[in-house]
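The values are calculated or read from the model by the stated rules, or taken from the named source; none is laboratory data. Note that this is a predicted model, so its numbers are computed, not measured. Here the Cβ positions follow ideal geometry from the backbone for every residue, glycine too, while neighbour counts run over all protein chains shown. The accessibility values were calculated without ligands, DNA or RNA, using every heavy atom of the protein model including side chains. Shrake-Rupley method; radii C 1.70, N 1.55, O 1.52, S 1.80 Å.
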Amino acid sequence: MPLAKITDPVLPRAGRQIAWRGLNGSASALTLAHAARKAGGPLLVVTATARDADRLEAALRWFLGDRDLPVLHFRDRETLPYDVFSSHQDIVSDRLAALFALTELERGVVVVAAPTLLERLPPKPYVATNSLVLEVGQKLDPETLRARLEAAGYSYVSQVMEHGEFAVRGALIDLFPMGADKPYRLDLFDDELETLRTFDPDSQLSLDRLERVRLLPAREFPLDENGIRAFRQRYRSRFEGDPQRSQIYRDVSNGIAPGGIEYYLPLFFDETCHLGNYLPGNAVVVSMDGVDTELQHTWEQIGHRYDQRGHDIERPLLPPDEAFVPPGVLQADFSQRASIRIADANEDDAAEYRTEPPPALLVDTRSDESLHALLDYAAANPA
């Protein structure tokens, strides 16, 4: 393929796969930023590790800027496969906010680490249909709102401090929605929402006035009456023996979300998704270096964890191909999309960019201008 320009990157047609090579350092992020501006749909950029995803997200935000296309980072649960712990509420909040944003995303960049792609997700309509919009002036019954919040997985507390909590004190309702930076305070006058403000969870002082907010569900699965019923039915049909011997079954039956319940997600839904299912058909999948190797390594780790933990009759596990998305399923789905792989130097039939890493630009701490090496290099090599 001919020599390509970073400012005008080569993009594949629908259903075609191409490779880019010769991109060193931040050149990959810069090229992806230009590709996002050029593409008709969003880019799904898959990195090998979560650390790589963090770095790429920061670089893309720098190159795209705050007023340009959105950059979403779908974060890992930060638990091991089949763990008995669940993610922190802040992580769950970030993930739900990203999933909701994906349902409306037309252009931009989505960054995800390869192991996270193997996590099963709720079906696409779940986040949208279980969201609630509150507006100043609307009629609002506190008991009805309380029931909806509890059905959406929010916890009733005396004082709101973390995501997924709410409190009712007379005409005041405090709640910390998933995906929100600050908790909200609702002030009711009779049955009307009179004012809506953010507040500081530490000082409990009200802050900025708002006119409208959207509340996301508190979890990636339903823990209302219908969700519990569906879980119980599928659990009994899936696992042999007395289900009452299982702490998982007993907790869910009582409306409690036990640690590690995310690895039983398929028991709550008729069908589950992977992240690619949330993206429109014109999305372009970009695989950074090392993704295939990391997917295989993670899949092997999942199998080892299942072999180690799958014999506990009080906590039976779904097998890997049910609890997770097999790499082959991802590869088959993504092969139908336009896709790009960031190739190594020996890749054939690739768009050639021929970028070179800079020389060692040392910081001279003894000089009054400690960054003179970097400044001299930048002056000699203008963009």
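Against the chain, whose longest principal axis comes from its Cα atoms, helix 142-151 is set at around 60 degrees. Charge tally for PRO125 (other residues, Cβ to Cβ under 12 Å; Lys, Arg +1; Asp, Glu -1): -1.
Can you bin the chain into rounded, prolate or oblate? Criterion: square roots of the alpha carbon gyration tensor eigenvalues sorted a ≥ b ≥ c, rounded for a/c under 1.5, prolate for a/b above b/c, oblate for the rest. Here the chain falls in the oblate category.
The label-point distance for ASN254 and ALA171, in a model that sets each label 7 Å from Cα toward Cβ, rounds to 3.9 nm. Stretched out straight at 0.36 nm per residue, the stretch from GLN308 to ASP289 would grow longer than its current Cα-Cα span by 3.8 nm. If the label point is 7 Å along Cα→Cβ of ARG107, which residues in region 62-89 have backbone nitrogen under 16 Å from it? Residues 64-72 qualify, since their backbone N sits under 16 Å from the label point.
With respect to the chain, whose longest principal axis is taken over its alpha-carbon atoms, helix 89-104 is tilted by about 70°. In the chain, the portion of solvent-accessible area held by carbon and sulfur atoms comes to 48 percent [1.4 Å probe, whole percent, DNA, RNA and ligands not counted]. Beta bridges assigned by DSSP with both partners in the chain are antiparallel in approximately 50 percent of cases.
Amide H contacts for HIS73 (H built 1.01 Å from N in the peptide plane; partners 5 or more residues away or on another chain; cut-off under 5 Å): VAL111. When +1 charges are put on Lys and Arg Cβ atoms and -1 charges on Asp and Glu Cβ atoms, the dipole computed for the chain relative to its Cα centre reaches about 760 debye. Computed from the C-beta positions of GLU78 and ARG37, the FRET efficiency with R₀ = 35 Å rounds to 0.65. Dipole of region 34-193 computed with +1 at Lys/Arg Cβ and -1 at Asp/Glu Cβ about the Cα centre; of THR49, SER93, SER131, farthest Cα towards the positive end is THR49.
For ARG214 and SER335, the difference between the fully extended length at 0.36 nm per residue and the C-alpha to C-alpha distance is 40.0 nm. Between helix 50-64 and the chain there is an angle of about 70 degrees, using the helix long axis and the longest principal axis of the Cα atoms.
Neighbours of GLY328, meaning other residues whose beta-carbon lies under 13 angstrom from its beta-carbon, give a summed charge of -3 when Lys and Arg score +1 and Asp and Glu score -1. Normalised per residue, the accessible area of region 1-158 is 46 Å², obtained with a 1.4 Å probe and no contribution from ligands, DNA or RNA. For ARG236, neighbours were defined as the other residues whose beta-carbon sits under 14 Å from its Cβ, and their charges (Lys and Arg +1, Asp and Glu -1) total +4.
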